[in-house]
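Values quoted throughout were computed directly from the atomic coordinates according to the rules given, and no laboratory measurement underlies them. Every value quoted in this text rests on a predicted model; they were computed, and no experiment measured them. Glycine gets a Cβ as well: all are built from the backbone with ideal geometry, and neighbour counts include every protein chain shown.
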Amino acid sequence: MTGPGGRPDAAQALGDLRVVCLSALGPVPFALMLLGDLGAQVTRVDRPGRAGSLTGLPLDDDPRTRGHRGIGIDLRRPEGRAVLLRLVERADVFLEGMRPGAAEKLGLGPDDLLGLNPGLVYGRATGWGQTGPRAAQAGHDINYAAVAGGVFPLGPADAPPLPPLNLLADFGGGGAYLAFGVLAALHQRGLTGRGQVVDAAMVDGVASLTTMLHGMLAAGLWSDRRGDNLLDGAAHFYRTYQTADGGFMAVGALEPQFYRELLDALGLDPEEWPQHDRSRWPQQSRRLAAVFAAQTRAHWEEVFAGRDACVTPVLSLAEAAASAELRERGTFVDWDGVPQPAPAPRLSASAVVERPRSRWCGHTDQVLAEIGYPAGEIAGLRAAGAVA
């Protein structure tokens, strides 16, 4: 993002960063949102005549596109590819989310673009990575997370593992790791002047997210069975309970002082409720389930208000977006007519700027003019079908 006269916007942490990306699904839009929220100027290359859709949500309606600029380029045409290369010459970061080898077939692989711009950080997101037996195989979040060990621990012991939405691979192990890798590569470029390739495989990222569990497994503190551990719902003091009105409360009283507060709030005798006698966990869970089921969620919210018992209501997506306390903090905002999470994390000296959602191919003329194309040449490119 730039200020007046094309100068970097010093109010934003990444205000001098230019990012070019090929329109993609899954992790790439999320990484772009993270970078854009911190001020990066994101230019997304859209395919003319093919409106974007991210998991069924039209791209124009997706809040992850806030602040992006869309330029329509037909990369099958030499004139269109020349436009992209001119964009890359001026870019700091290039991102793509195609299968391994696809960018190379277009003449847009790392060797091509780093040869053109040696300081470029080239980020690529895939499910299985650039190499390996599954590299060319299709998949989705649930597949990458499953193979990485992130799905098996989810859910009760007597039912199949639960799908992790697409939070684990697409966003946690994919987009967030891609953005982190890009920032690390940019930092090193500041030391060496050279760019590099960031290979963000979702299967690698999900495996990384399970690091603590592998440590607990090696130390004998975690069993390789679902619904049998401290954090997977087996413990009566770390799970959710249904209330009389069909709501739920989340109980996370891990530490002894919080567990004592939980028992005190419920009027239960600590002598009869040892915390870590695993043989009693199933019975204790059933008893607590009956206690919580006897009253409404609102009742339990009032009981635990102000108490350090680590007990909170379980809010739906709509409830979270409308929550008065989260609205007061600014966790959720209404931007461009859509309730959505605000940029995170927050930086003390960097302003948060409201940015509208992107429009498919909506900034073609503006971007082309910025990189030196006169109006007549832009018209010629459009007439030839190279841009839209």
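If you add up the charges near Arg346, with Lys and Arg at +1 and Asp and Glu at -1, over every other residue whose beta carbon is less than 13 angstrom from its beta carbon, what do you get? With Lys, Arg at +1 and Asp, Glu at -1, the net is 0.
Mean separation of Cα pairs under 8 Å and 6+ residues apart, divided by the residue count of the stretch 238-314: what relative contact order is that in percent? Numbers along the way, then the final one.
On the way: 94 pairs, mean separation 38.2, N = 77.
After rounding, I find 50 percent.
Given R₀ = 25 Å, what would the calculated FRET efficiency be for Ala135 paired with Leu85, taking r from the Cβ atoms and rounding to 0.05?
On the way: r = 26 Å, r/R0 = 1.06.
It comes to 0.40.
If you put +1 on each Lys and Arg Cβ and -1 on each Asp and Glu Cβ, how big is the dipole of the stretch 295-388 around its Cα centre, in Debye rounded to 20?
Details: 9 positive and 12 negative charges, 30 e Å.
The dipole magnitude comes to about 140 debye.
Find the relative contact order for the chain and round it to a whole percent, using C-alpha pairs within less than 8 Å whose residues are 6+ positions apart.
Working: 684 pairs, mean separation 75.5, N = 388.
RCO, the chain: 19 percent.
When the chain is modelled as a GNM with alpha-carbon springs shorter than 10 Å, which of Ala31, Ala235, Ala157 fluctuates the most? Highest fluctuation of the listed residues: Ala157.
Here are a few candidate values for Kirkwood radius over Cα pairs in Å: (i) 23.7; (ii) 20.2; (iii) 21.6. Which one was actually calculated from the structure I just gave you? Step by step, Kirkwood radius over Cα pairs in Å for this structure corresponds to label (i). Label zone of Glu370 (point 7 Å out along Cα→Cβ, amide N under 12 Å): in the stretch 83-102 this covers 87-88, 90-92. By the count of other C-beta atoms within 10 Å, a proxy for reagent exposure, Ile378, Ile73, Ile371 are ordered fewest to most as Ile371, Ile378, Ile73.
Antiparallel as a % of all DSSP beta bridges within the chain, to the nearest 5? Walk me through the intermediate numbers first.
Numbers: 16 of 37 bridges.
Taking every DSSP beta bridge within the chain, about 45 percent pair in antiparallel fashion.
Spacing of the modelled spin labels on Thr312 and Thr296, each 7 Å from Cα toward Cβ, amounts to 2.2 nm. For Val151, neighbours were defined as the other residues whose beta-carbon sits under 11 Å from its Cβ, and their charges (Lys and Arg +1, Asp and Glu -1) total 0. Taking a sphere under 14 Å around the Cβ of Val182 and counting the other residues whose Cβ falls inside, with K and R at +1 and D and E at -1, yields a net charge of -1.
For a quick check: sort Leu167, Leu106, Leu32 by the number of other beta carbons within 10 angstrom, fewest at the front. Walk me through the numbers before you get to the answer.
Numbers: Leu167 13, Leu106 16, Leu32 28.
Taking fewest neighbouring Cβ atoms as first place, the list is Leu167, Leu106, Leu32.
Give me His187, His68, His214, His236 sorted ascending by neighbouring Cβ count inside 10 Å, so fewest comes first. Intermediate results must be reported in sequence, preceding the final value.
Values: His187 9, His68 28, His214 12, His236 23.
Going from least to most buried by this count: His187, His214, His236, His68.
Between the helical axis of 256-266 and the dominant principal axis of the chain, each derived from Cα atoms, what acute angle in degrees is found, rounded to the nearest 10? For 256-266 against the chain, the angle is about 60 degrees.
Note on the chain: GNM, Cα springs under 10 Å; of Gly115, Gly127, Gly174, the largest mean-square fluctuation is that of Gly115.
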